[in-house]
Structures are given as C-alpha cells and as structure tokens.
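Since every read-out is calculated from the coordinates, none of them should be taken as a lab result. Just so it is clear, the structure is predicted and the values come from calculations on it, not from any experiment. Glycine gets a Cβ as well: all are built from the backbone with ideal geometry, and neighbour counts include every protein chain shown.
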Ligand code: UDP
Ligand code: MG
C-alpha cells in the first residue's frame, strides 16, 4: 500500500453497536481528504461481536488493521498499542463511540500542516453525559491543574493528532499507570487546540464505569504530582500547631484551677481524628508504593494476541 501519511487509532471495547457507523463515518472523512491512511482498531479484549466485526472490515478494506489484545488492558493501554503500531506521519487517536466527531480530522490535519506537532481537541460542551460525569470531569481537570507542575490543558481527552516526532518520543515512555494526555503535555513540542462539542455516544453505554474513571483520575494525579505525599507534612505541621494551642489552653486552665473536666471526650476525639489522618496518609503512600511496585515488575503494557491486516514486515515490538 506504500507510504501511509495518516494513521487513525481507535480503541475498541465492546462497541458492536457503533462500529459499523464509526467505520462508515471515518471512511467518508478519509475519502474527502485524499490522503493515504490506515484505520488501526485496537480491540481491547471485547467480549461482544466487536472482534468479528473488525475482522470483517479488515477483510473488505485494506486500510483497516486490527490488533487484538489477549484481554482487557484498558483504554490507555489500547492507545499506547495504537501508537506503537501506527505507521503514519501523523497519528490521530479517536474514541470508537463517535463522541469525538471524525469530521474534525481535516481541521486537525490543517493545523498539522501549519507546523503544529500536537493538535488536541478541547471540549467546549459535553452532550448526553450525566450531570455527575460532567461535574466530576470539570472538577478533576481543575484539581489536576492545581497539583501538577506541567501545563495539562483543561477539558481535553485523548482525541488528538500527534506528529511522528511526538509519537516516537511517546513510544519511549513506558511507564505503567499511564495518563496519556498528561504525557503528551509533558513531552512539549508545538501544541495547539481546536475546540469542539463532545457529542453524545452514538450507541451503547460508557465503557468507563466510575471505578475506571477514578483510577484514571488517580493515575493522572500520581503520575504528575507528588503533592499528595506532601500533604502529610502540611497536615503534621498544622496539627502540631493546633495541639500546641490546646496545650496552652490546658496548662492555663490548670493554673487557674479550672481543670475539673475528666477530659475523656476530647481524648477520644483527638485519638480518632489523628488515627484517621494517619491511616489516610498511609493509604496515599501505599498508592505510590504500589506504583513503584508496578514499575519494578516491568510487565508489558499490553499483550497482542493477533494482528490482522499488517503485511509481514519487520516486527514492531516496542
Ligand atoms: N475503551 C477501551 N478499553 C476500556 C474502556 C474503553 O478501549 O477498557 C474505549 C472505548 O471503546 C471507547 C473509548 O475507549 O472507544 C472511550 O470509552 P468510553 O466512550 O466508554 O468512555 P467515555 O466517553 O464514556 O468517557
Ligand atoms: Mg465515550
């Protein structure tokens, strides 16, 4: 097929309801821009008919390539695999559920041709998502910005275009609990945003239950900030100050002969409070130690069980 200019990476987890439409819209966009391209679907261990549908597409269309994971490794791992195997000069990452409109790709390409190496989609509005999701997402992006030293743009997901140069750098970053949008900010280069309205899911349900969302949020914070660890020091300082004030109060009360209360309640309260704080801080340390442990084990980020549509050429193992 020769040189590929544009790779579109699409992570897929149980998306049978949307895949035909996603493919149709992507292909329409690609036809419109006359560019050599590949559609690289990463099947992240789907349990529905997604795998079958993807193989069907790959059989009919030589532009379609599919990586099948051996199990569900998660959205961020799927994107990582897509970047590892993509061959284009530019790589666009887009969700399978059509919440990120493929029709924006030409606009991203135009920015790329202007010389930007990263073009990310910034969500102006989110449609068809619960109030809870919108609220927590808004809160999260602001919190993340508050605790990190790098400049992670607000309200951007993984919908973005990366130049080959950036992809090559990203491929060198093999950290385990990945927060890709943070890594992309971290690598630098010339970056710009295009604004869009995040549409509702074309069909099916979110594949990001609260549990996965919290995990991603926590990965984002821990990967780019050590502030949570420092909270222990701040708290310790603050609490010592409080106890000192209380100590003064107790001593003065004693001198004035007013210490008639046995003080059981205050001892219990102080005990509970301090134990709570200590346990929370132990938990925070545990989170970081767990991540160190993940790095030490150094397992691969994903396991590819099967590749479809890749010509037999040199191995691509990162
Ligand atoms: N996804 C994935 N692995 C997962 C969860 C999600 O590859 O474990 C894919 C999913 O198929 C979709 C994209 O990641 O293409 C974003 O997921 P989703 O739309 O469910 O998240 P939301 O938009 O609700 O945050
Ligand atoms: Mg979605």
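Considering the range 1-159 at the alpha-carbon level, its Rg and Dmax are found to be 16.2, 48 Å. Our compactness index for the range 1-53, the C-alpha radius of gyration over the empirical 2.2 N^0.38 Å, is 1.22. A simple packing score, the average count of other Cβ atoms within 10 Å per residue, orders the peptides 142-155, 287-300 as 142-155, 287-300, with the highest score first. Under conditions of 20 °C and 1.002 mPa s, the range 110-189 yields 153 µm² s⁻¹ as its translational diffusion coefficient, taking Rh as the Kirkwood radius over Cα pairs in the Stokes-Einstein equation.
A simple packing score, the average count of other Cβ atoms within 10 Å per residue, orders the peptides 27-36, 115-124, 6-15 as 6-15, 115-124, 27-36, with the highest score first. Centroid-to-centroid, using Cα positions, the range 117-161 and the range 1-49 are 24 Å apart.
Relative contact order for the range 1-144: 32 percent, from Cα pairs under 8 Å spaced at least 6 residues apart, divided by residue count. If one takes the longest principal axis of the Cα atoms in the chain, at what angle in degrees, from 0 to 90 and to the nearest 10, does the Cα axis of helix 105-114 lie? Once rounded, one gets 90 degrees. Taking 0.36 nm per residue of separation and subtracting the current Cα-Cα distance, fully stretching the chain between residue 208 and residue 294 would add 28.7 nm.
Here is the tail figure for the range 11-95: Cα pairs spaced more than 18 Å apart come to 39 percent of all pairs. Between the Cα long axis of helix 75-85 and the first principal axis of the chain there is an angle of about 40°, rounded to the nearest 10. Take every pair of alpha-carbon atoms less than 8 Å apart whose residues are at least six positions apart; their mean separation over the length of the chain yields a relative contact order of 23 percent. With 0.36 nm allotted per residue and the present C-alpha distance subtracted, the residue 277-residue 230 stretch has 15.6 nm of extension available. What does the C-alpha gyration tensor say about the overall shape of the range 55-94? Classify as rounded when a/c is under 1.5, otherwise prolate if a/b is larger than b/c, or oblate. Taking the square roots of the gyration eigenvalues as a ≥ b ≥ c, the range 55-94 is oblate. If you take the Cα centroid of the range 275-310 and the Cα centroid of the range 234-250, the two points sit 36 Å apart. Shown here is the pair-distance distribution of the range 96-246: with all Cα-Cα distances grouped in 5 Å bins from zero up to the longest one, the shares run 2, 8, 15, 18, 18, 15, 10, 5, 3, 3, 2, 1, 0, 0 percent. Mean residue ellipticity at 222 nm, helices only, the chain: -16500 deg cm²/dmol; runs of at least 4 DSSP H residues each add -39,500 (n - 2.57), and the sum is divided by the number of residues. Rounded, prolate or oblate: pick one for the range 164-318, where a ≥ b ≥ c are the square roots of the eigenvalues of its C-alpha gyration tensor, a/c under 1.5 means rounded, and failing that, prolate if a/b is larger than b/c, else oblate. Here the range 164-318 falls in the prolate category. With respect to the chain, whose longest principal axis is taken over its alpha-carbon atoms, helix 210-224 is tilted by about 80°. The rule of thumb for compact globular proteins, 2.2 N^0.38 Å, goes into the C-alpha radius of gyration of the chain 1.27 times.
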